Amino acid sequence: MKWKKVRLKRRRVVKDKIYSILALGAPMLATGLILSAVLLMLGNIFYKGISGVNWEFLTEAPRNNNLEGGIFPAIYGTVYLVFIMILFSIPIGTATGIFLSEYTARDSKFAMTVRFAINTLAGVPSIVFGLFGVGFFIQFLGKGMDYVASNTTPVWGKPALIWAAATLAILTLPVVIISVEETMRSIPREMRESSLALGATKWQTIWKLILPNSLTGILTGAILAIGRGAGEVAPILFVGVVYSLPELPSHLSDQFMQLGYHLFVLATQSPDVDAAMPKQYATTVVLLTLTFGMSFFATFLRYRIRKSRGKAHV
């Protein structure tokens, strides 16, 4: 009997070790495979594209069906587009997050309906946002503005930078709202109650206490919005982006070039695919570097805010 108990105990120990190895090894293996695939992809892109990135490529306008010259108008248009998109999405997303976390109960029917709408919006295909942008922003809002202003030629009722940015802002709103709301709900209730007990109004509590402590969540939403908005092509196909445009956009009603669409054009509509291949890789390198750079800046800003607030609490 003793030997049987010893054997059973040994078997259990062996089984526990095997399960522990599997439980630890499977995630590590999956993580290793994902990182290897990403590093291999990025390495291939940078290896084939970095040689095509030079001063001329970064500062000149495209020529000869985008096969010659550079991509500066596309770089400028991408940064301009993302900046306007952030100006739209961050205030609206932050206001919505404040409303959901501070002015509604989490289990109320209205809040649950709004969250269901936000989650549904996050699952809508990006091309649908582009069609919505054409119908609402250009056909309804833009043409309505032209009618009120008595413009004889379309100024706002046509594809433009502002409508592309507004379309991308709606696309990225769910990410911003969820990030802001979760950050605000993570702030302890005792902090709110202490502020109210000292005589502060609800809005003063939100403005002086909740928002400053939610800056990292707002910046997280901005980082995610930048990462998605900078590379999206489908939503802006019909609302402002163009094939080739040497001039830089100077007004919100102008059309513009964008790196993602420029890459799409080189890959699908170029008259000479082989000649366009080096340009494709070089454009991809610039797009990735620009996206990583903007995200890194927002991440660094978030880190500095966290660090300064950590020192302030010490």
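Structure summary
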item: Flag for Gly142 being open to solvent by less than 30 Å² (accessible area, probe 1.4 Å) and in contact with a Gly (Cβ under 6 Å, 6 or more places away or on another chain); result: yes
item: Selection status of Phe137, outside any loop (DSSP other than H, G, I, E, B) and without any contact (Cβ under 8 Å) to a residue 60 or more places away in the chain; result: no
item: Residue within the range 11-33 that is at pLDDT 85 or above and open to solvent by less than 80 Å² (accessible area, probe 1.4 Å) present; result: no
item: Any hit, the range 297-304, residues being in a helix (DSSP H, G or I), closer than 20 Å to Ile50 by Cα and open to solvent by less than 70 Å² (accessible area, probe 1.4 Å); result: no
item: Segments classed as helices (runs of 4 or more DSSP H), wholly inside the range 147-241, with at least 3 members that are modelled with pLDDT under 85 and small (Gly, Ala, Ser); result: 215-229
item: Members of the range 36-73 found to be among the charged types (D, E, K, R) and open to solvent by 70 Å² or more (accessible area, probe 1.4 Å), listed by number; result: Lys48, Glu56, Arg63, Glu68
item: Inter-residue pairs, beta-carbon under 9 Å, first within 18 Å of Val233 (Cβ to Cβ) and part of a loop (DSSP other than H, G, I, E, B) and in the range 110-127, second open to solvent by 40 Å² or more (accessible area, probe 1.4 Å) and modelled with pLDDT of 90 or more, 6+ apart; result: Val124/Phe132
item: Residue within the range 244-257 that is over 14 Å from the mean Cα position of the chain (by Cα) and of a type in the set (Asp, Glu) present; result: yes
item: Criterion violated by Ile236 - all others in (1) closer than 29 Å to Tyr103 by Cα; (2) crowded, with 17+ Cβ neighbours inside 10 Å satisfied; result: (1)
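The values are calculated or read from the model by the stated rules, or taken from the named source; none is laboratory data. None of these values were measured; they are calculated from a predicted model. Counting neighbours? That spans all protein chains shown, and the Cβs are built from the backbone with ideal geometry, glycine included. Calculation scope for accessible area: heavy atoms of the full protein, side chains included, ligands and nucleic acids excluded. Shrake-Rupley method; radii C 1.70, N 1.55, O 1.52, S 1.80 Å.
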